[in-house]
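The values are calculated or read from the model by the stated rules, or taken from the named source; none is laboratory data. It should be emphasised that the depicted structure is a prediction, and the values quoted were computed from it without experimental measurement. Cβ: placed from backbone, ideal geometry, glycine included. Neighbour counts: every protein chain shown.
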Amino acid sequence: MDRHDPIAVFDSGVGGISVLRELCRLMPRENFHYFGDSANAPYGIKTTQQVQELTLAAARKLFDQGAKCLVVACNTATAAAIELLRAAYPDRIIVGIEPALKLAADRHPHGTIGIMATDVTLREAKLSQLMQRFSRDCTLIRLPSPGIVELVESGRADSPEAVALMEQELSPYRTELDALVLGCTHYPFVKNAIRAVVGDRVELLDGGEGTAKETLRRLKDADLLNDQPTGSLVMENSSGMQEKLDLCHQLLEHT
Ligand code: DGL
């Protein structure tokens, strides 16, 4: 393993591109290998054991291909499998994204915070632990958000269907929310649809930037930052479909 090896970024599909975007911004000299497991997405409705098996298989593949570090750009995989991953690869740098609850509670200490995430993330113990640790005087509302992952995976993040779905899921809470934690890496891509429903007053927060900063910190500590002038990007998707790779490139430019 050396500093020129790639940083592997893994998600159940195209959602982790929202994290890759932050990683590329922060570390433009790094070589990235993005692997989306769209053939098996969505992970968020599977059993914990299924998510663990898929995540371990992806990590094995990426480390075997020479990754110097692994970013789990999937809240669902982190919630279900991060401890297993760390036990399987104790000497490797592994960073897992988590819902940005701490950030939300710091910014809205007495506010009402909605947490949008997949079924797996909402039911795993990791989220309850985060909620207990950081909620203090906030009111936290768990918001299951079915259907968004499928919309983003099929390239319909900015569609009228996305606005209709967000209307259905979020309009009951519109007046009481101060912030919304986007606890799934697919969700930042439907920000426009979310905004159309909740307006500009509600702050939208996700863990992408924090995950990128943590990755930088860990690589720096290990003296593994790339010293070449420019970085590179390899995109891979388990679906084997060119359209998925095209979608990944499009989402990388999404604002
Ligand atoms: N992008 C993943 C996350 O952050 C989950 C999507 C899925 O259900 O596959 O949780």
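Summary table
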quantity: Helices (runs of 4 or more DSSP H) contained entirely in segment 66-129, each with at least 3 residues that are of a type in the set (S, T, N, Q) and within 12 Å of the ligand (Cβ to nearest atom); calculated: 75-88
quantity: Of the criteria (1) of a type outside the set (K, R); (2) within 16 Å of the ligand (Cβ to nearest atom); (3) closer than 16 Å to V71 by Cβ, which one G231 fails; calculated: (2)
quantity: Any hit, segment 98-110, residues being among the basic types (K, R) and either within 30 Å of D223 (Cα to Cα) or exposed (fewer than 14 other Cβ atoms within 10 Å of the Cβ) (or both); calculated: yes
quantity: Filter result (touching a residue at least 40 places away in the same chain (Cβ under 8 Å), in a loop (DSSP other than H, G, I, E, B) and not small (G, A, S)) within segment 34-49; calculated: D37, P42, Y43, I45, K46
quantity: Verdict on V149 being within 16 Å of the ligand (Cβ to nearest atom) and touching a His at 6+ places or on another chain (Cβ under 7 Å); calculated: yes
quantity: Some residue of segment 219-232 being under 18 Å from P6 (Cα atoms), at pLDDT below 95 and β-branched (V, I, T); calculated: yes
quantity: Any hit, segment 196-204, residues being part of a strand (DSSP E or B) and either farther than 25 Å from M131 by Cα or aliphatic (A, V, I, L, M) (or both); calculated: yes
quantity: Segment 117-148: number of residues that are among the β-branched types (V, I, T), free of Cβ contacts under 8 Å to residues at least 60 places away in the same chain and within 19 Å of L84 (Cβ to Cβ); calculated: 0
quantity: Residues being under 20 Å from D227 (Cα atoms) and either in a strand (DSSP E or B) or within 13 Å of the ligand (Cβ to nearest atom) (or both) - total across segment 1-33; calculated: 7
quantity: Residue within segment 164-182 that is part of a helix (DSSP H, G or I), touching a Leu at 6+ places or on another chain (Cβ under 9 Å), modelled with pLDDT of 95 or more and farther than 22 Å from H108 by Cβ present; calculated: yes
quantity: Any hit, segment 216-226, residues being in contact (Cβ under 8 Å) with a residue 12 or more places away in the chain, farther than 19 Å from E150 by Cα, among the acidic types (D, E) and assigned to a strand (DSSP E or B); calculated: no
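For every residue, the table says whether it meets (1) under 27 Å from Q250 (Cβ atoms); (2) surrounded by 15 or more Cβ atoms within 10 Å (Cβ to Cβ); (3) modelled with pLDDT under 95.
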{"site": "A79", "(1), (2), (3)": "no, yes, no"}
{"site": "Y89", "(1), (2), (3)": "no, yes, no"}
{"site": "I93", "(1), (2), (3)": "no, yes, no"}
{"site": "T118", "(1), (2), (3)": "yes, yes, no"}
{"site": "K126", "(1), (2), (3)": "no, yes, yes"}
{"site": "R133", "(1), (2), (3)": "no, no, yes"}
{"site": "V152", "(1), (2), (3)": "yes, yes, no"}
{"site": "A157", "(1), (2), (3)": "yes, yes, no"}
